[in-house]
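The values are calculated or read from the model by the stated rules, or taken from the named source; none is laboratory data. In this text, all values refer to a predicted model and were calculated from it rather than measured experimentally. Every residue, glycine among them, receives a Cβ derived from its backbone with ideal geometry; neighbour counts consider all protein chains shown.
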Amino acid sequence: MRKVLLIFSMLHLSAVAAQPYMLDELAELDAYKFSSEDVEISLALSAAPEHISSDATILVFDGNNYREARAGKNGFVCLVERAWAGQFYYVGAFWDPQIRSPICYNAEAAENVLPVYLFRTRLALSGMSRDEIRDAVSAAVASGEFKAPSGTAMSYMMSAGQYLHPDIGRWLPHLMIWMPYTAQDSWGPNQLAGPDPVVFRNPGGPFAMVVIPYDEHRFIEPMHLPNDQ
């Protein structure tokens, strides 16, 4: 946890983080829902530029699972991911109901990356612990149930309504590109706190992911914000 706090303390904060929930298990499911479906759809749409999100499929979380709120026609899928999408070393923040990550996957990522998050969601809602979810995901990847992207898999995370972690609140608008087996230093000795691309997750593994930040002026404002913003 000390390592996590050190990393995030260096980031340029774009919003004041709320009081964190330090939970060891899933909260009441209603805590992860928004005040209305319109709010969730608005956040999901704000993850990507309008010319992309306007034709994307939209998924919403109803407290039991994700369901399709609108069918798309361009292959992109937009949704708001919850806390259990985060790094497994996030400890208490892994269950924080305040965390919301509007994201829009392209077709390749929707086929090969999104299913891993939906799998995490099912495990989280089944009552598994953080460590049990981590082990189940690792086993599923090792068995070949989830395969690394074979084409260009990427996602947009450009919403001004994002709240990514209690220690950062809103970060920067950014792209994420999955580059299987990419090493940590393959983009140079860049730091997560800086303006340059960095391998953020699963370095050297099948779901290695590179984060490419934008300037703050590229944030996209959602039409509706949750009550806590």
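Take the conditions (1) modelled with pLDDT under 95; (2) closer than 22 Å to Leu175 by Cβ; (3) in contact with a Phe, Trp or Tyr (Cβ under 7 Å, 6 or more places away or on another chain); Phe94 misses just one of them, which is (2). Cβ-Cβ contacts under 6 Å between residues 6 or more apart (or on different chains), taken from a first residue in region 25-53 that is of a type in the set (Phe, Trp, Tyr) to a second residue that is not in a helix (DSSP H, G or I), are listed as Tyr32/Arg82; Tyr32/Pro97; Phe34/Pro226.
For region 136-172, the tally of residues that are over 19 Å from Glu108 (Cβ atoms) and polar (S, T, N, Q) stands at 4. Limited to region 32-68, what total is found for residues that are crowded, with 17+ Cβ neighbours inside 10 Å and not in a loop (DSSP other than H, G, I, E, B)? Going through region 32-68 one residue at a time, the tally reaches 16.
Considering (1) surrounded by fewer than 22 Cβ atoms within 10 Å (Cβ to Cβ); (2) closer than 17 Å to Ala208 by Cβ, the lone condition that Ala153 does not fulfil carries the number (1). Taking region 122-229 and the strands (runs of 3 or more DSSP E) fully enclosed by it, the elements with 1 or more residues that are within 30 Å of Leu29 (Cβ to Cβ) and modelled with pLDDT of 85 or more are at 153-157, 174-178, 209-213.
One residue is enough: does region 198-206 have a residue meeting the conditions of a type outside the set (Gly, Ala, Ser), within 19 Å of Asn106 (Cβ to Cβ), touching a Lys or Arg at 6+ places or on another chain (Cβ under 8 Å) and surrounded by fewer than 20 Cβ atoms within 10 Å (Cβ to Cβ)? There is at least one residue in region 198-206 that is of a type outside the set (Gly, Ala, Ser), within 19 Å of Asn106 (Cβ to Cβ), touching a Lys or Arg at 6+ places or on another chain (Cβ under 8 Å) and surrounded by fewer than 20 Cβ atoms within 10 Å (Cβ to Cβ). Every residue in region 69-78 that is part of a loop (DSSP other than H, G, I, E, B) and among the charged types (D, E, K, R), please. Answer for region 69-78, where residues must be part of a loop (DSSP other than H, G, I, E, B) and among the charged types (D, E, K, R): just Lys73. Filtering region 90-110 to residues that are surrounded by fewer than 19 Cβ atoms within 10 Å (Cβ to Cβ), part of a helix (DSSP H, G or I) and either aromatic (Phe, Trp, Tyr) or touching a residue at least 40 places away in the same chain (Cβ under 8 Å) (or both) leaves Val91, Gly92, Glu108.
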